[in-house]
Amino acid sequence: MTSAENRTALITGGAKGIGLACATAFGNAGFNVKVLGRDLVALKACGFEYEVCDVTSESEVSATLERIGQVDILINNAGIATTAPVHRTTLADWNSAFAVNATGAFLCTRGVLVGMRQRKWGRIVTVASTASHSGASYIAAYAASKHAVLGLMRVVAREVEGSGVTANSVCPTFVRTEMTEKSVLKIVQLTGCTPLEAEQTLANQSALGRLLEPQEVAQAVIYLCSDSASAINGQSIIMDGGTAQ
């Protein structure tokens with residue numbers, strides 16, 4: 001791991017789930033951690049310095065980054081998901097998915113790039129999804145927005161190559177988070193199965209046969225932010241036990 005001294009890690013959606021696991025990992029490594037989010041209750045309970053910020057708002061992102069100052073590591077983790085067949089996917093749901101999952105990552109990435117390049121060191125990691133690489137029923141807006149953000153990271157990686165800055169993505173399968181809990185509940189409501197059976201239905205979609213834990217994703221993220229990973233740029237780390245090849 002690179003020296004944590006005077007380095008700031010900024011995590012969007014950092015008060016819950018994968019984001020909170022990442023904040024904890026960076027905090028344990030000695031970094032100055034700041035988290036962004038919209039849920040004030042969760043932010044107050046997370047145990048880290050926080051800023052209330054809607055990452056879909058250009059003005060809010062700009063003002064927040066100006067207040068924070070130097071950002072050495074950016075983890076684009078804020079995300080939302082809705083489920084519906086394509087013919088029932090509303091334009092509002094489509095636009096919301098792109099606003100949070102893709103535009104939010106773009107605005108935050110754009111806001112930290114200049115400073116990182118000036119300092120000749122920086123790490124950007126976006127938490128994407130296995131849905132960034134493949135399609136599945138009922139997730140048109142989510143999958144399309146995750147494909148978009150994967151492309152964004154690849155473009156950023158090309159633009160920063162050789163500068164000391166890297167941009168990568170991690171693409172986990174279903175993770176034990178509130179988002180997955182909502183998916184489990186929806187399966188229960190639609191099928192009448194038990195929550196355990198519904199969870200296993202999601203777990204069986206990968207070779208792991210289980211849900212990932214947020215800490216597992218955080219460990220992949222923190223590795224990509226290390227000096228040991230300085231040669232890794234523009235890559236997508238798929239975390240599904242080998243289902244996607």
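What follows is calculated from the coordinates using simple rules that are stated; it is not laboratory data. Worth saying up front: this structure is predicted, and the values here are computed from it rather than measured. Here Cβ is always computed from backbone atoms with ideal geometry, including for glycine, and neighbour counts include all displayed protein chains.
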(request) Mind listing the long-range amide H neighbours of Val165? Cut-off is under 5 Å, sequence gap 5 or more, other chains count too, H placed in the peptide plane at 1.01 Å from N. (result) Gly122
(message) Using each residue's phi in the stretch 18-23, evaluate 6.51 cos²θ - 1.76 cosθ + 1.60 at θ = phi - 60° and report the 3J(HN,Hα) Karplus result to the nearest Hz, with x for Gly and Pro.
(response) 4, x, 5, 4, 5, 4
(message) For the chain, place one equal point scatterer on every Cα, skip the solvent, and apply the Debye formula. What is log10 of I(q)/I(0) at q = 0.07 Å⁻¹?
(response) -0.22
(request) For Val86 and Glu49, calculate 0.36 nm times their separation in residues minus their Cα-Cα distance, and state this gained length in nm to one decimal. (result) 9.4 nm
(message) Taking the Cα of Ser96, stepping 7 Å toward and past its beta carbon, and measuring to each backbone N in the stretch 116-144: which are under 15 Å?
(response) 139-143
(message) Using amide H atoms built in the peptide plane, which far-off residues or other-chain residues are under 5 Å from Met239 H to H?
(response) Cys171, Thr173
(message) I need Tyr138, Tyr50 ordered by Cβ neighbour count within 10 Å, fewest first.
(response) Tyr138, Tyr50
(message) What aspartates and glutamates does Lys120 reach when the alpha-carbon gap must be under 12 Å and sequence neighbours fewer than 8 apart in one chain are set aside?
(response) Asp72, Glu161
(message) What's the longest uninterrupted piece of the chain once you rule out the GluC sites (Glu not before Pro) that are loop residues per DSSP with at most 16 other Cβ within 10 Å?
(response) 6-160
(request) Divide by every residue of the chain the summed helix terms, -39500 (n - 2.57) for each DSSP H run of at least 4, and state the resulting mean residue ellipticity at 222 nm, rounded to the nearest 500 deg cm²/dmol. (result) -13500 deg cm²/dmol
(message) Rounding to the nearest 10 and keeping the result within 0 to 90°, find how far the Cα-based axis of helix 214-224 lies from the longest principal axis of the chain.
(response) 40
(message) Running a GNM on the chain with Cα contacts under 10 Å, which residue among Ala21, Ala140, Ala92 ends up with the highest mean-square fluctuation?
(response) Ala92
